[in-house]
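**Student:** Below is the structure I would like to discuss, written out as structure tokens.
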Amino acid sequence: MEYKPGLSLHVYQPEAWKAGQKRTAIVFFFGGGWTGGTVKQFEPHAKHFAKLGVVAICADYRVKTRHNTTPFDAIDDGKAAIAYVRKHAKELGIDGNRIVAAGGSAGGHVAASAAILKPIDHKIAALVLFNPVVDTTAAGYGAEKVAGRETEASPVHNVTRGVPPAILFHGTADTTVPFANAETFCARLTAAGSRCELVPYEGQAHGFFNATRAGGKFYPDTVAKAEAFLRSLRLID
């Protein structure tokens, strides 16, 4: 399903799915430093949530190696993907008010940006973030890729009231995206009145959560905790 020219949404439908239903949707954005990455990264996650009755979607977006673009283009694509899903809710068999944005690393940044960075003309019900980039200043990741506009692209610097509830999975030994960034982000969401849960993984490095990393050791735990979080919000029956 194409949401922009050359950019597709890969949709994983639950059993007994029918158009016109009002199911929860979860949209995954892959990682890769806004430079590369594959839309297949979150396919295992998408299949898992589809089995739970959720319409799961893996979104492609523009990256530097394939499109010669910047993180700001990725942000625009993330917002466009969420807006498209909401606009086509009936066709997709989802509830437009029950869209979860999810992603890892730079994809986590795209998801968080869709919920935090203005302008926002769509509704996101929750965020599920795996070692996300939430600070694009020198204290975080990617400052050189957004030079001169570091705080503009930085979710942690733009938190206001009304950010949807969020859960973050982060390794304490992450040398790509500092664990302290996740702590600050969660603290600011909480201070702004939003629910935020940070799940630390002691001694784990960047990307530990992937189904293909370390034999998938941490994949079942992170997915189970994400599922429990969404159940607590009544986004999964």
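**Student:** Name, by its number, the condition in (1) in a loop (DSSP other than H, G, I, E, B); (2) in contact with a His (Cβ under 6 Å, 6 or more places away or on another chain); (3) closer than 21 Å to Tyr61 by Cα that does not hold for Arg86.
**Tutor:** Tallying (1) in a loop (DSSP other than H, G, I, E, B); (2) in contact with a His (Cβ under 6 Å, 6 or more places away or on another chain); (3) closer than 21 Å to Tyr61 by Cα, Arg86 fails exactly one: (1).
**Student:** Could you tell me which residue of the stretch 210-237 is surrounded by the most Cβ atoms within 10 Å (Cβ to Cβ), considering only residues that are of a type in the set (D, E, K, R) and part of a helix (DSSP H, G or I)?
**Tutor:** Only one residue fits best here, namely Glu227.
**Student:** Here is a further query. Can you tell me which of Asp135, Asp121, Asp73 is acidic (Asp, Glu), surrounded by fewer than 24 Cβ atoms within 10 Å (Cβ to Cβ) and modelled with pLDDT of 95 or more?
**Tutor:** Asp73
**Student:** Across the stretch 5-23, what is the total count of residues that are part of a loop (DSSP other than H, G, I, E, B) and either buried (at least 22 other Cβ atoms within 10 Å of the Cβ) or not aliphatic (A, V, I, L, M) (or both)?
**Tutor:** 10
**Student:** Would you confirm whether or not the stretch 219-232 contains a residue that is of a type in the set (Lys, Arg), out of contact with any helix residue (DSSP H, G or I) (no Cβ under 8 Å at 6 or more places or on another chain) and in contact (Cβ under 8 Å) with a residue 40 or more places away in the chain?
**Tutor:** Yes, because at least one residue in the stretch 219-232 is of a type in the set (Lys, Arg), out of contact with any helix residue (DSSP H, G or I) (no Cβ under 8 Å at 6 or more places or on another chain) and in contact (Cβ under 8 Å) with a residue 40 or more places away in the chain.
**Student:** Any chance you could count how many residues in the stretch 144-174 are β-branched (Val, Ile, Thr) and either farther than 15 Å from Val134 by Cβ or free of Cβ contacts under 8 Å to residues at least 24 places away in the same chain (or both)?
**Tutor:** Total satisfying the criteria: 2.
**Student:** Additional query: Report whether or not Glu144 is farther than 17 Å from Ile120 by Cβ, assigned to a helix (DSSP H, G or I) and over 15 Å from the mean Cα position of the chain (by Cα).
**Tutor:** Here the answer is yes, as Glu144 does meet what is asked.
**Student:** Can you tell me which residue in the stretch 24-71 is farthest from Ala112 (Cα to Cα), limited to those that are basic (Lys, Arg) and part of a loop (DSSP other than H, G, I, E, B)?
**Tutor:** Only one residue tops the list, namely Lys40.
**Student:** Please enumerate the residues belonging to the stretch 160-176 that are crowded, with 23+ Cβ neighbours inside 10 Å and over 15 Å from the mean Cα position of the chain (by Cα).
**Tutor:** Hit for the stretch 160-176 is Gly171, nothing else.
**Student:** Cβ-Cβ below 7 Å, separation at least six or inter-chain, first residue in the stretch 191-213 and free of Cβ contacts under 8 Å to residues at least 60 places away in the same chain, second assigned to a loop (DSSP other than H, G, I, E, B) and acidic (Asp, Glu): which pairs?
**Tutor:** From the stretch 191-213, the pairs are Ala205/Asp174.
**Student:** May I pose another question? Which members of the stretch 184-193 meet the condition of being over 17 Å from the mean Cα position of the chain (by Cα) and either among the charged types (D, E, K, R) or buried (at least 20 other Cβ atoms within 10 Å of the Cβ) (or both)?
**Tutor:** Arg188
Every residue, every condition in (1) within 14 Å of the chain's Cα centre (by Cα); (2) surrounded by 20 or more Cβ atoms within 10 Å (Cβ to Cβ), yes or no:
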{"residue": "Phe28", "(1), (2)": "yes, yes"}
{"residue": "Gly31", "(1), (2)": "yes, yes"}
{"residue": "Trp34", "(1), (2)": "yes, yes"}
{"residue": "Glu43", "(1), (2)": "yes, no"}
{"residue": "Ala46", "(1), (2)": "yes, yes"}
{"residue": "Val54", "(1), (2)": "no, yes"}
{"residue": "Ile57", "(1), (2)": "yes, yes"}
{"residue": "Asp60", "(1), (2)": "yes, yes"}
{"residue": "Val63", "(1), (2)": "no, yes"}
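The values are calculated or read from the model by the stated rules, or taken from the named source; none is laboratory data. Predicted model only: the values in this text are computed from it and were never measured. So basically every Cβ, Gly included, is an ideal-geometry build from the backbone, and we count neighbours across all protein chains shown.
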